[in-house]
Amino acid sequence: MKNHKAIISFVKIKDHELGDLAQNIVTKMTGNTAFPKPVPALTVVQTAIKEYADALTKCQDGNKLDTATKNAKRAVLEKHLAHLGNYVNNIAEGDLILLDSTGIPLTKLPEPIGILPAPTNFRVTDGDNPGEVCVQTDKVEKALTYVVVFATVPAPANIEDWHAKTFSSVKNWIAGLESGKKYIFKVAATSREANNYSSYNFSQRIERFVQ
């Protein structure tokens with residue numbers, strides 16, 4: 001199970017927002033007993049904030065050199081904040097209350113998707129070569145992958161005895177089948193939850209002789 005963490009990358013923070021964000025972090029971490037010895041020291045971060053703010057102000061009506069200086073000062077501030085984020089993560093160990101007390105933005109956890117519905121419009125057609133078929137289905141939103149299970153007819157009662165192939169796209173080819181044999185196919189969309197519990201909603205079954 002994934003836990004929240006303090007972010008350690010600030011590249012997506014806009015120029016005019018970075019200084020205020022960094023200042024809020026310094027303010028919240030100053031005297032914060034949960035984090036007694038910040039790395040780097042908050043005085044170092046405070047100096048970087050001031051230098052960045054000065055460079056940002058100057059580059060607004062400045063030249064290319066001023067912009068380059070601002071970028072360099074930003075890189076220094078981002079590096080200090082990243083180190084501070086690592087320090088916080090090592091101490092907090094996912095404790096949301098401790099993390100929130102620092103002012104550092106937190107990583108977003110992936111939202112649970114659950115067991116996805118069965119794919120629709122599943123098709124099985126001849127492939128280009130003997131012993132090959134093309135399998136295709138309509139897209140299922142939020143699907144991680146698609147798993148096609150198949151077996152010769154009569155199919156085993158236990159699904160674990162069927163063959164299975166996992167694909168990242170909705171159209172794929174299965175080769176190595178026995179020509180002249182009748183097979184049965186079905187497909188399901190996968191998610192993390194479906195994979196964790198081995199629980200899938202399969203499409204309708206399709207029976208087809210393999211050329």
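Over the chain, dividing the summed -39,500 (n - 2.57) contributions of all DSSP H runs of at least 4 residues by the number of residues returns a 222 nm mean residue ellipticity of -11500 deg cm²/dmol.
Taking every C-alpha pair closer than 8 Å and separated by at least 6 residues, the mean separation divided by the residue count of the chain gives a relative contact order of 21 percent.
Applying both filters, DSSP loop and at most 16 other Cβ atoms within 10 Å, to the trypsin sites (Lys or Arg not before Pro) of segment 108-181 gives Lys108, Lys139, Lys142, Lys181.
Between Leu42, Asn63, His16, the Cα set farthest toward the positive side of the dipole of segment 6-63 (charges on each charged residue's Cβ, about the Cα centre) is that of Leu42. Annotation: lysines with alpha-carbon distance below 26 angstrom to Lys5 (same-chain offsets under eight excluded): Lys14, Lys28, Lys37, Lys73, Lys79, Lys108, Lys142. Residues within the reach of a label modelled at His83 (point 7 angstrom out along Cα to beta-carbon, backbone nitrogen below 12 Å), restricted to segment 41-65, are 41-46, 48.
Kirkwood's formula applied to the C-alpha pairs of segment 141-211 gives a hydrodynamic radius of 12.9 angstrom. Maximal additional length on extending the Glu193-Lys181 stretch stands at 0.9 nm, based on 0.36 nm per residue less the C-alpha distance. When only the Cβ of Lys, Arg, Asp and Glu is charged (+1, +1, -1, -1), the dipole of segment 42-102 relative to its Cα centre reaches about 380 debye. Segment 28-85 and segment 142-170 have Cα centres spaced 53 Å apart. Note on the chain: GNM, Cα springs under 10 Å; of Ala34, Ala157, Ala188, the largest mean-square fluctuation is that of Ala157. Extension gain for Ala34-Asp15 works out to 3.9 nm (0.36 nm per residue, less the C-alpha to C-alpha distance).
Fully extending the segment from Glu207 to Ala41 would add 53.0 nm, taking 0.36 nm per residue of separation and subtracting the current Cα-Cα distance. Taken over the chain, the percentage of Cα pairs per 10 Å bin, counting from 0 up to the bin with the maximum distance, is 8, 24, 16, 11, 14, 15, 9, 2.
Read-outs: derived from the displayed coordinates by stated rules, not from any lab. Being a predicted model, the structure only gives us computed values, none of them experimental. No Cβ is skipped: glycine too gets one built from the backbone with ideal geometry, and neighbour counts run over all protein chains shown.
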